[in-house]
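Trainee: To start, I am sharing the structure in question, which I have written as structure tokens.
The values are calculated or read from the model by the stated rules, or taken from the named source; none is laboratory data. Remember, predicted model here, so these are calculated numbers, not experimental data. Reconstructed Cβ throughout: ideal geometry from the backbone, glycine too, with neighbour counts over all protein chains shown.
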Amino acid sequence: MSAALGPERPQVVAHAQQALSYTVFDCKWVPRSARLLCLGSAARGTGVVQLYELHGARLELLREIEKPKPIKCGTFGATSLQQRYLATGDFDGNLNIWNLEAPEIPVYSVKGHKEIINSIDGVGGLGIGEGAPEIVTGSRDGTVKVWDPRQNDTPVANMEPVQGESKRDCWTVAFGNAYNQEERVVCAGYDNGDIKLFDLKTMSLRWETNIKNGVCSVEFDRKDINMNKLVATSLEGKFHVFDMRTQHPTKGFASVSEKAQKSTIWQVRHLPQNRDIFMTSGGSGSLHLWKYEYPAQRSKKDSEGSEMGVAGSLSLLQNVTLSTQPISSLDWSPDKKGLCVCGAFDQTVRVLIVTKLNKI
Amino acid sequence: MPVWLREHSWRQTLSAVYLSLPLRGARATPANIFCSEQYLKVSIPPFLFEAILYAPIDDTNSTAKIGNGNIFFTLYKKEPAMWDSLTLANADKEKLQDLRENAVLKAHEKAKEETEAKKITKQENKKYALEATMKLEEAERKRIEDLKEKERQKVTKELELWKNQQKDGDKYKSMQKKGALHEEIEPLKQRKNEKINKTQIPNEGTSKTRLKSTKGCDGSCSIFSQNLKEELLPAPRAAATIKVNFTPRVFPTALRESRVPEEEEWLHKQAEARRIINSDLSELEDLKEEEKNPDWLKDKGNKMFAMGDYLGAVNAYNLAVKLNSKLPVLYLNRAACHLKLRNLHKAIEDSSKALELLTPPVPDNENARVKAHVRRGTAFCQLELYTEGLQDYEAALKIDPRNKNIEKDAEKIRHLIQGTVQSS
């Protein structure tokens, strides 16, 4: 693992920060703007949504919305660019889609799960990819449900434990492989180290594995292409990068793993403008910027003649420690390369700029 | 009694006195010379020279030169005046004493002052060095900060530019849309209504071509093409459920690699405990409360052994072992019973098990270990495995060398072995 040389290394510049009076669980850029959203839980047990605008080196609060239940996660992934509705999952298991111009009544609402929705993802919106807009939620009740905003009350797909099986918490979900109207996969990570890949076209389990540590975050490098790479981060400072192009019948997908920090790696986010660069955020308040290098040959034949993937290598481009508390959420701006926002458990949201990404 | 040096010679000028003191063969070092304002002493045992000077001198600047068998003093007078004589003439003993003491005190004080001054200069030097290094480091840090600031400002400017671009872009688009709306709203609305009727059937192939035709318009048609696209989206998926199996995990907490060994140990212990309880439940439901206590059973066993009921004792010990398999004393006592019952192999097994449980070997379990070794040794001998028996007896002796019985038995066995060796 080698770091990029000297003065050409990308630098992480702290651009602006804002102290908040609540615990922030998720922060997201509003697409096509310099505005960002912070979602969280106030001390009195209510949910908070704050909309900020970036003005020079400070964040200006535009709107503050309070909701009855604390909000854990949100996504813009399933709405159109005109509407820009926010889908949120809250501590009570409710999935709501809000129009931020008129946030009193949700556009769509369903009590999707019996327990907190830990993670949410959306696909099919924002002019990216094709197919129906869908939202997937993963919850502590062990189920992963896929929702279509046009269909009320029932999910279009439900991945639940077999009858009688004791459930494991689902900690993270991600969409992928949405390169045409029919194909979709959902990847879910659980607290017992299981990673499961569900194919929504065939409505079946396509692949599963166990990475020996609870899975904190999974993300495909791009949602709207033939699935290329999947990064899964876990407790104990480890993360795995799976090469998803070649699936071996028994061995599954090839992977390379890295142990970077001693603490939990809370999030992984790929740079929207370059799918081989991603940032991981850690429980020690640090951010690591990584680059994946492909191997000379991405697949090879094994002894029986079936195709087997070959994993590449990782190099650490930069790392920086911003806080003493875990950085629990991270989002790259889809419009400006290198601009990202991160929210940490020290009740601060920070806007960072990563420089020199063009030279990689 | 010191030998006084009296053959000194001196001369003076207005400001200085020059004194020459021959040393009569003695070797002088600076340590032998003591000088204060009005008192001069040279002491090279056994020689001594002392002088109470006529008037005070400046002792810091005065010098003494040692060489050629004499000391040459250059004393600078405090007040330039001609002295009548080198020393004060009428000096009685008391005055001498006082002067001497004062002189010594003064010298001490001076020495103290000098050390103080030295310390202060040392500290100041250190401070200066520290400040210099701090300045250097500050400069370095500032340089790095400046670089970072420059980078930051560059990036901030770019960001502002981009933001303004976005804003302008948005304004332009919205204006365009408004304009387009006013101009083209009527005919397009017509077309749209037609298309709505046709697109109720979600037919993928034809919908795509229709999409292309609308895309042919320029940007001002964007909203409308978007709306059309929305209606051309595939219907929501047919609902389905996928059943999921999880990798089994006993604990409700998340899996952490570093905790796995601890968890295994805990589970193992739980399994052990459960095994014992289970065996209890199945066979011993009809027993009384006290009969489930291993200690009570051990006592019962001991009593039966004392009365000669060896089988009964074995039963009692068996039950106790089932309840708690980790008490070495149970195995020890059962071994003794087996010996009496001539179940020699069982006796050996039990003594071995007892010894296993009696690790680590500490003074506390000495007695128990001795007994175990002796019993096992006896069993071996009764099986005619004399060498093994001897080994056990010697082990017992090692633990407790003072036991005469063991020694006697060990001797007997040795004779037996030698006897068999000779005869074979």
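Trainee: What do you reckon, is A:SER328 over 30 Å from B:GLN165 (Cα atoms) and under 17 Å from the mean Cα position of the chain (by Cα)?
Mentor: Against the criterion (over 30 Å from B:GLN165 (Cα atoms) and under 17 Å from the mean Cα position of the chain (by Cα)), A:SER328 qualifies.
Trainee: Would you check if there is a residue in the range B:31-38 being in a helix (DSSP H, G or I), exposed (fewer than 14 other Cβ atoms within 10 Å of the Cβ) and out of contact with any strand residue (DSSP E or B) (no Cβ under 8 Å at 6 or more places or on another chain)? Give the steps one after another, and end with the answer.
Mentor: To start, the set of residues in the range B:31-38 that are in a helix (DSSP H, G or I) comprises B:31-32.
With the extra rule that they be exposed (fewer than 14 other Cβ atoms within 10 Å of the Cβ), the set shrinks to B:31.
Next, from what is left, pick out any that are out of contact with any strand residue (DSSP E or B) (no Cβ under 8 Å at 6 or more places or on another chain): B:31.
Yes, because at least one residue in the range B:31-38 is in a helix (DSSP H, G or I), exposed (fewer than 14 other Cβ atoms within 10 Å of the Cβ) and out of contact with any strand residue (DSSP E or B) (no Cβ under 8 Å at 6 or more places or on another chain).
Trainee: Still on this structure: Please count how many residues of the range A:270-304 are in contact with an Asp or Glu (Cβ under 7 Å, 6 or more places away or on another chain) and aromatic (Phe, Trp, Tyr).
Mentor: Counting residues in the range A:270-304 that are in contact with an Asp or Glu (Cβ under 7 Å, 6 or more places away or on another chain) and aromatic (Phe, Trp, Tyr) gives 1.
Trainee: Of all residues in the range B:370-424, which are among the β-branched types (Val, Ile, Thr) and within 24 Å of B:VAL329 (Cα to Cα)? So that I can check it myself, show each step before the final result.
Mentor: Restricting attention to the range B:370-424, the residues satisfying the condition of being among the β-branched types (Val, Ile, Thr) are B:370, B:374, B:378, B:387, B:399, B:406, B:413, B:417, B:420-421.
Hits for the range B:370-424 are B:VAL370, B:VAL374, B:THR378, B:ILE399, B:ILE406.
Trainee: Determine which member of the set A:LYS145, A:LYS111 is of a type in the set (Lys, Arg) and closer than 23 Å to A:GLN267 by Cα.
Mentor: Numbers: A:LYS111 fails: closer than 23 Å to A:GLN267 by Cα.
That would be A:LYS145, the only listed residue that is of a type in the set (Lys, Arg) and closer than 23 Å to A:GLN267 by Cα.
Trainee: So which of A:GLY77, A:GLY89, A:GLY56, A:GLY45 is more than 13 Å from every other protein chain (Cβ to nearest Cβ) and at positive phi? Explain how you work it out, then say what you get.
Mentor: Working: A:GLY77 fails: at positive phi; A:GLY89 fails: at positive phi; A:GLY56 fails: more than 13 Å from every other protein chain (Cβ to nearest Cβ).
It is A:GLY45.
Trainee: Still on this structure, I have one more. Are there any strands (runs of 3 or more DSSP E) wholly within the range A:72-147 with 3 or more residues that are over 20 Å from A:GLN50 (Cβ atoms), and if so which?
Mentor: Details: elements: A:86-90, A:94-98, A:108-111, A:117-123, A:134-139, A:144-147.
Answer list for the range A:72-147: A:108-111, A:117-123, A:134-139, A:144-147.
Trainee: Which ones in the range B:88-104 are in contact with a strand residue (DSSP E or B) (Cβ under 7 Å, 6 or more places away or on another chain) and exposed (fewer than 14 other Cβ atoms within 10 Å of the Cβ)? Don't jump to the end; show me each part of the working.
Mentor: Start the filter on the range B:88-104 by keeping residues that are in contact with a strand residue (DSSP E or B) (Cβ under 7 Å, 6 or more places away or on another chain), which leaves B:88, B:91, B:96, B:99-100, B:103.
Correct list: B:ALA91 only.
Yes/no matrix, rows are residues, columns are (1) crowded, with 18+ Cβ neighbours inside 10 Å; (2) among the basic types (Lys, Arg); (3) modelled with pLDDT of 80 or more:
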residue: B:TRP10; (1), (2), (3): no, no, yes
residue: B:THR13; (1), (2), (3): no, no, yes
residue: B:TYR18; (1), (2), (3): no, no, yes
residue: B:LEU21; (1), (2), (3): yes, no, yes
residue: B:ASP59; (1), (2), (3): yes, no, no
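Trainee: Suppose the filter is surrounded by fewer than 21 Cβ atoms within 10 Å (Cβ to Cβ), closer than 26 Å to B:LEU357 by Cα, out of contact with any His (no Cβ under 7 Å at 6 or more places or on another chain) and free of Cβ contacts under 8 Å to residues at least 60 places away in the same chain; does B:LYS398 pass it?
Mentor: Working: surrounded by fewer than 21 Cβ atoms within 10 Å (Cβ to Cβ): yes; closer than 26 Å to B:LEU357 by Cα: yes; out of contact with any His (no Cβ under 7 Å at 6 or more places or on another chain): yes; free of Cβ contacts under 8 Å to residues at least 60 places away in the same chain: yes.
Yes: the conditions hold for B:LYS398.
Trainee: Right, something else. Quick one: which of B:LYS154, B:LYS171, B:LYS177 is in a helix (DSSP H, G or I), of a type outside the set (Asp, Glu), at pLDDT below 80 and surrounded by 12 or more Cβ atoms within 10 Å (Cβ to Cβ)? Please lay out each step first, then the result.
Mentor: On the way: B:LYS154 fails: at pLDDT below 80; B:LYS171 fails: surrounded by 12 or more Cβ atoms within 10 Å (Cβ to Cβ).
Selected residue: B:LYS177, the only one of B:LYS154, B:LYS171, B:LYS177 that is in a helix (DSSP H, G or I), of a type outside the set (Asp, Glu), at pLDDT below 80 and surrounded by 12 or more Cβ atoms within 10 Å (Cβ to Cβ).
Trainee: Here's another thing I want to ask about it. Please go through the range B:231-242 and pick out each residue that is surrounded by 13 or more Cβ atoms within 10 Å (Cβ to Cβ) and facing chain A (nearest Cβ under 9 Å). Talk me through it step by step, then tell me what you get.
Mentor: Here is the first cut: in the range B:231-242, the ones surrounded by 13 or more Cβ atoms within 10 Å (Cβ to Cβ) are B:231-234, B:236-237, B:239-242.
Those that are surrounded by 13 or more Cβ atoms within 10 Å (Cβ to Cβ) and facing chain A (nearest Cβ under 9 Å): B:LEU233, B:PRO234, B:PRO236, B:ARG237, B:ALA239, B:ALA240, B:THR241, B:ILE242.
Trainee: Take the conditions surrounded by 15 or more Cβ atoms within 10 Å (Cβ to Cβ) and at pLDDT below 85 and apply them to B:LEU358. Does it pass?
Mentor: On the way: surrounded by 15 or more Cβ atoms within 10 Å (Cβ to Cβ): yes; at pLDDT below 85: no.
Judged against the criteria, B:LEU358 is not a match.
Trainee: What number of residues in the range A:202-222 are among the polar types (S, T, N, Q) and either more than 9 Å from chain B (Cβ to nearest Cβ) or not in a strand (DSSP E or B) (or both)?
Mentor: Let us first name the residues in the range A:202-222 that are among the polar types (S, T, N, Q), namely A:202, A:204, A:209-210, A:213, A:217.
Among the residues that remain, those that are also either more than 9 Å from chain B (Cβ to nearest Cβ) or not in a strand (DSSP E or B) (or both) are: A:202, A:209, A:213, A:217.
Going through the range A:202-222 one residue at a time, the tally reaches 4.
Residue by residue, here is whether (1) crowded, with 22+ Cβ neighbours inside 10 Å; (2) more than 8 Å from chain B (Cβ to nearest Cβ); (3) in contact (Cβ under 8 Å) with a residue 12 or more places away in the chain; (4) under 25 Å from A:ARG32 (Cβ atoms) holds:
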{"residue": "A:GLY127", "(1), (2), (3), (4)": "no, yes, yes, yes"}
{"residue": "A:GLU130", "(1), (2), (3), (4)": "no, yes, yes, yes"}
{"residue": "A:VAL136", "(1), (2), (3), (4)": "yes, yes, yes, yes"}
{"residue": "A:LYS145", "(1), (2), (3), (4)": "yes, yes, yes, no"}
{"residue": "A:ASN152", "(1), (2), (3), (4)": "no, yes, yes, no"}
{"residue": "A:GLU160", "(1), (2), (3), (4)": "no, no, yes, no"}
{"residue": "A:PHE175", "(1), (2), (3), (4)": "yes, yes, yes, yes"}
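Trainee: One residue is enough: does the range A:302-313 have a residue meeting the conditions crowded, with 22+ Cβ neighbours inside 10 Å and not in a strand (DSSP E or B)?
Mentor: Looking through the range A:302-313, none of the residues is crowded, with 22+ Cβ neighbours inside 10 Å and not in a strand (DSSP E or B).
Trainee: Look through B:GLU264, B:GLU272 and report the one residue that is modelled with pLDDT of 90 or more, surrounded by fewer than 15 Cβ atoms within 10 Å (Cβ to Cβ) and either part of a helix (DSSP H, G or I) or in the same structural domain as B:GLN382 (by the TED database) (or both). Step through it out loud before you land on a result.
Mentor: Working: B:GLU272 fails: modelled with pLDDT of 90 or more.
Only one candidate qualifies: B:GLU264.
Trainee: Going by what's in this entry, would B:GLU283 be described as more than 14 Å from chain A (Cβ to nearest Cβ), exposed (fewer than 14 other Cβ atoms within 10 Å of the Cβ) and at pLDDT below 85? Please lay out each step first, then the result.
Mentor: Values: more than 14 Å from chain A (Cβ to nearest Cβ): yes; exposed (fewer than 14 other Cβ atoms within 10 Å of the Cβ): yes; at pLDDT below 85: yes.
Here the answer is yes, as B:GLU283 does meet what is asked.
Trainee: So which residues in the range A:223-239 are in a loop (DSSP other than H, G, I, E, B) and not basic (Lys, Arg), if there are any at all?
Mentor: Residues of the range A:223-239 in a loop (DSSP other than H, G, I, E, B): A:223-228, A:235-237.
Hits for the range A:223-239 are A:ASP224, A:ILE225, A:ASN226, A:MET227, A:ASN228, A:LEU235, A:GLU236, A:GLY237.
Trainee: Can you confirm whether B:LEU355 is in a helix (DSSP H, G or I), within 45 Å of the chain's Cα centre (by Cα) and under 17 Å from B:ALA395 (Cβ atoms)? Give the derivation first.
Mentor: Working: in a helix (DSSP H, G or I): yes; within 45 Å of the chain's Cα centre (by Cα): yes; under 17 Å from B:ALA395 (Cβ atoms): yes.
Spelling it out, B:LEU355 is indeed in a helix (DSSP H, G or I), within 45 Å of the chain's Cα centre (by Cα) and under 17 Å from B:ALA395 (Cβ atoms).
Trainee: Within the range A:177-187, how many residues are within 11 Å of chain B (Cβ to nearest Cβ) and outside any strand (DSSP E or B)? Step through it out loud before you land on a result.
Mentor: At the first step, the residues of the range A:177-187 found to be within 11 Å of chain B (Cβ to nearest Cβ) are A:180-182, A:184, A:186.
Now restrict to residues that are outside any strand (DSSP E or B): A:180-182, A:184.
Residues flagged as within 11 Å of chain B (Cβ to nearest Cβ) and outside any strand (DSSP E or B) within the range A:177-187 amount to 4.
Trainee: Oh, and also: Does B:GLU291 fit the bill of being modelled with pLDDT under 85, in a helix (DSSP H, G or I) and away from chain A (no Cβ under 14 Å)? Can you show your working first?
Mentor: Numbers: modelled with pLDDT under 85: yes; in a helix (DSSP H, G or I): yes; away from chain A (no Cβ under 14 Å): yes.
Yes.
Trainee: Working only within the range A:162-173, note down all residues that are more than 10 Å from chain B (Cβ to nearest Cβ) and surrounded by fewer than 24 Cβ atoms within 10 Å (Cβ to Cβ).
Mentor: First, the residues of the range A:162-173 that are more than 10 Å from chain B (Cβ to nearest Cβ): A:164, A:172-173.
If the condition is that a residue be more than 10 Å from chain B (Cβ to nearest Cβ) and surrounded by fewer than 24 Cβ atoms within 10 Å (Cβ to Cβ), then A:GLY164 is the only one that fits.
Trainee: Turning to a different aspect of this structure: Within the group A:GLY189, A:GLY193, A:GLY164, A:GLY214, which residue is within 17 Å of A:ARG140 (Cα to Cα) and over 19 Å from the mean Cα position of the chain (by Cα)? Full working, then the answer.
Mentor: Values: A:GLY189 fails: over 19 Å from the mean Cα position of the chain (by Cα); A:GLY193 fails: over 19 Å from the mean Cα position of the chain (by Cα); A:GLY214 fails: over 19 Å from the mean Cα position of the chain (by Cα).
Residue meeting the stated conditions: A:GLY164.
Trainee: Please name all residue pairs, on different chains or six or more residues apart, with Cβ atoms under 7 Å, provided the first residue is in the range A:190-206 and is closer than 28 Å to B:VAL260 by Cα and the second residue is β-branched (Val, Ile, Thr) and surrounded by fewer than 17 Cβ atoms within 10 Å (Cβ to Cβ).
Mentor: Filtered contacts from the range A:190-206: A:ASN192/B:THR247; A:GLY193/B:THR247; A:ASP194/B:THR247.
Trainee: Taking A:VAL268 as meeting all but one of (1) of a type outside the set (Lys, Arg); (2) within 14 Å of chain B (Cβ to nearest Cβ); (3) crowded, with 21+ Cβ neighbours inside 10 Å, write down the number of the exception.
Mentor: Status for A:VAL268: all satisfied but (2).
Quick grid of which residues meet (1) under 50 Å from the mean Cα position of the chain (by Cα); (2) over 20 Å from B:PRO328 (Cβ atoms):
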residue: B:ILE348; (1), (2): yes, no
residue: B:VAL362; (1), (2): yes, no
residue: B:ASN365; (1), (2): yes, no
residue: B:ALA368; (1), (2): yes, no
residue: B:THR378; (1), (2): no, no
residue: B:LEU383; (1), (2): no, yes
residue: B:THR387; (1), (2): no, yes
residue: B:GLU411; (1), (2): no, yes
residue: B:GLY419; (1), (2): no, yes
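Trainee: Still on this structure: So which pairs qualify, if the first residue must be in the range B:22-40 and within 16 Å of B:HIS8 (Cβ to Cβ), the second must be polar (S, T, N, Q), the Cβ gap must be under 6 Å, and the two must be at least 6 apart or on different chains?
Mentor: Hits for this filter: B:PRO22/B:ASN70; B:LEU23/B:ASN70; B:ASN32/B:SER43.
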